[in-house]
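Notes follow once the structure below has been shown.
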Amino acid sequence: MTPLPTIDRSVSKVEVTGFEARHYDLLMNLITVGTYPLFIRRVVRNMNIRPDDDILILGAGTGRNACLMRRYLSTDGSILGLDIGEEMLVQGQRRCHSHRNVSFEKRRIDESLPYSEAFDKVFMAFVMHGFVQEDRERIIQNAFRSLRPGGEFLILDYAECEPTQSPWLVQKVFQAECPLATDFVRRHWKGILNTHGFDRFEAHHYYFGHVRLLVVHKPDVP
């Protein structure tokens, strides 16, 4: 297989700021022609959250996903959301302030995280594709280390494809995205995740198969 070209970090769009950050939820609704709220509720149902789950969200954004997940938790469960954007964190904290089992921290998810076997689920939505491959692999290592044995890493993002051979609308989406998104969908993610110790793969598809929730498991026994 021909190696994929190296892409510089300067094209990354993982940190959302300014107008886009302040109106992120509205923009997502507009981009998806109003379907995003129903879509993300379906995703959260597919996560099979248990009442006592401890969940780590990598790239928590405005807190919308965290608040949806919290509905499935009892007081024994918890959610910790990480983000690097001050504007995003302010929105998340404001949205979830009445829920004592939901908290947020400012941390880079592509740097070493201080968690070891502390969570049952690690979730990220449309974040992984915005990093260069070296940083993606560091994020995977963070997720693996943060999960308890038997825990799940859930990655909601674009499904693998060849953008240049996709339908016209999909091609336009990738033309608008940073080059890292195209790099992301050209990689074999089950194989990459397996090399980092994950196994037992499940997938849920949305938007005519172009978006995927990939669920991978940390083995029960090392």
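Okay, here's what the table says:
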| quantity | calculated |
| --- | --- |
| Neighbour-count ranking [beta-carbon atoms within 10 angstrom, fewest first] of Lys121, Lys106 | Lys106, Lys121 |
| Residue with peak Gaussian network fluctuation, the chain [Cα springs, cutoff 10 Å], from Phe153, Phe131, Phe201 | Phe201 |
| Förster radius 25 Å - calculated FRET efficiency between Arg148 and Glu15 (Cβ-Cβ, nearest 0.05) | 0.25 |
| Stretch gain in nm, segment Arg108-Arg200, where the contour uses 0.36 nm per residue and the Cα spacing is subtracted | 30.4 nm |
| Cut-off under 5 Å, modelled amide H: who pairs with Phe126 long-range | Leu156, Asp157 |
| Label-point separation in nm, His99 to Gln141, each point 7 Å along Cα→Cβ | 3.1 |
| Per residue, the convex hull volume that the Cα atoms of the stretch 33-101 enclose (Å³) | 87 |
| Local net charge near Thr195, Cβ-Cβ under 13 Å (Lys/Arg +1, Asp/Glu -1) | +1 |
| Number of Lys pairs (Cα under 18 Å; 8 or more positions apart or on different chains) in the chain | 5 |
| Whole-number D in µm²/s for the chain (Stokes-Einstein; Kirkwood sum over Cα pairs; 25 °C, 0.890 mPa s) | 138 |
| Most fluctuating residue given options Leu89, Leu30, Leu58, as computed from a GNM of the chain linking Cα atoms under 10 Å | Leu30 |
| Karplus-derived HN-Hα couplings along the stretch 133-146 (A = 6.51, B = -1.76, C = 1.60, θ = phi - 60°), whole Hz, x at Gly and Pro | 4, 4, 6, 4, 5, 5, 5, 4, 4, 4, 4, 4, 5, 6 |
| Dipole magnitude (debye, nearest 20) for the chain, charges at Cβ of Lys, Arg, Asp, Glu | 560 |
| Farthest toward positive dipole pole in the stretch 50-91 [+1 Lys/Arg, -1 Asp/Glu at C-beta], among Ile84, Met69, Gly59 | Met69 |
| Taking Thr35, Thr75 and counting other C-beta atoms within 10 Å, the order from fewest to most | Thr75, Thr35 |
| Net charge over other residues, Cβ less than 12 angstrom from the Cβ of Arg212 (K, R count +1; D, E count -1) | -2 |
| Zone of Glu134's modelled label, taken as backbone nitrogen in the stretch 146-186 under 18 Å from a point 7 Å along Cα→Cβ | 179-181, 183-184 |
| Value of relative contact order over the chain, rounded to a whole percent, pairs C-alpha under 8 Å and six or more apart | 18 |
| Contact order relative to length of the stretch 149-222, as percent, for alpha carbon pairs under 8 angstrom and 6 or more apart | 49 |
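Taken together, the values in this text are just the output of simple stated rules run on the coordinates, not laboratory data. Everything numeric in this text was worked out from a predicted model, so none of it was measured. Every residue, glycine as well, gets a Cβ built from its backbone with ideal geometry; the counts of neighbours run over all protein chains shown.
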